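Step one of this worksheet: look at the structure below.
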Amino acid sequence: ANTEFDVLTGMMTNRIGAGTTSAFRVVHRNTDSLPRVLQEVGYQTFFAHPGTSWFYNRESVYSYLGITDQQFQDAYTTEDYKGNWVTDRAFLQRVSQALEERDGDAPIFAYGVTIQNHQAYNTAKYGYLPEPVQTNVPLSDEAGEYLSVYFEGLRDSDAMLRGWVEWLEAQTEPWLLVFFGDH
């Protein structure tokens, strides 16, 4: 949540106050942000996260940041999960569908946070041990397990990004894709 706040507001969470675990816990009113500025010049605003809306008070905070349309965990079905997490593939499907259903000619600012490659990185995450990662150094069984699970998520994220670019390239309007990670 700190990365989300920092990117959207240009403010650094660690400057908000001592002991604050998340900037999202202190946002209780409309706050200057990129989506708010874009909304004021005619953009539609959309946020998607396949987690729960109440966690970090995201639903309220994103409204305070100027996001008018939000999509959370309830947009997904059990088939959209890989182990305990909604897949990046399902995220792409739901978000692209939501964007295609938009009415009007207004440009859209869409901001999404995926969840599949969130920790933990042991076999319990997916219920199986993914393909081992080849290294040129010996790893403990535990380190090999964590690396395999983490790289499974990276492979799926890479496929999602390819899917995003393909979907965006099929659009008639100009677009800009910004991707960053904090896990």
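The values are calculated or read from the model by the stated rules, or taken from the named source; none is laboratory data. None of these values were measured; they are calculated from a predicted model. Don't worry about glycine lacking a Cβ; one is built from the backbone with ideal geometry, like all the others, and counts go over all protein chains shown. Heads up: the accessible areas ignore ligands, DNA and RNA and are worked out on the full protein's heavy atoms, side chains in. Shrake-Rupley method; radii C 1.70, N 1.55, O 1.52, S 1.80 Å.
The share of accessible area on the chain that comes from carbon and sulfur is 51 percent, using a 1.4 angstrom probe. Structural size metrics of the chain, computed from C-alpha coordinates, are Rg and Dmax of 18.0, 56 Å. Accessible area ranking (1.4 Å probe, heavy atoms, ligands and nucleic acids excluded), largest first, for Arg15, Arg25, Arg58, Arg155: Arg15, Arg25, Arg155, Arg58. Sequence-distant contacts, meaning Cα pairs under 8 Å at least 6 residues apart, place the relative contact order of the chain at 19 percent. Compared with the direct C-alpha span, the chain from Leu38 to Leu147 gains 35.3 nm at full extension, assuming 0.36 nm per residue. Annotation for Tyr64 and Ala124: the two label points, set 7 Å from Cα along the Cα-Cβ direction, are 3.3 nm apart.
Note that the range 1-149 presents 56 Å² accessible area per residue, ligands and nucleic acids not counted, probe 1.4 Å.
Fully extending the segment from Ala106 to Leu161 would add 17.4 nm, taking 0.36 nm per residue of separation and subtracting the current Cα-Cα distance. Diffusion coefficient (Stokes-Einstein, Kirkwood radius over C-alpha pairs, 10 °C, 1.306 mPa s) for the range 40-101: 127 µm²/s, rounded to a whole number.
Note on Ser53 and Ser140: their simple-model spin labels are 4.3 nm apart, each label 7 Å out from Cα toward Cβ.
On a per residue basis, the convex hull of the C-alpha atoms belonging to the range 109-183 measures out at 117 Å³. Stretching the chain fully between Val7 and Val178 yields a gain of 60.5 nm (0.36 nm per residue, less the alpha carbon separation).
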